[in-house]
Amino acid sequence: MLRTIGDAHAYIMALPKKRALRAHWQHAWRLLLQQASAAALTRQVQVALFMDGKLDAGAFEHMSSAWQAAAIASAYTTKV
């Protein structure tokens, strides 16, 4: 379970290269580097985990549908 920004950093650093190069993880990495808010990083890590099939769909459903759409769109429109 990821509880801190440090946990998220360690998780992202340990990702296999193929997963780390996916747009949703690249976006999470940029948020870390930019020292974005914990809320923004948390949302992006949740999206990335969901996109990789590592987050329970029930947990993802708790997010508003508008936020889900925006988060998924940003994962695919962000330039790598």
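A compact table of results
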quantity	calculated
Residues LEU21, LEU2 arranged by fewest to most Cβ contacts within 10 Å	LEU21, LEU2
Net +/- balance of residues flanking ASP52 in space, Cβ distance below 12 Å, scoring K and R +1, D and E -1	+4
For ARG3, ARG22, ARG43, ARG30, order by how many other beta-carbon atoms lie within 10 Å, fewest first	ARG3, ARG30, ARG22, ARG43
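We did not get these values from a lab; they are worked out from the coordinates using the rules stated. Owing to the predicted nature of the structure, the values given are computational and were not obtained by experimental measurement. Here the Cβ is made from the backbone with ideal geometry for all residues, glycine too, and neighbour counts use every protein chain on show.
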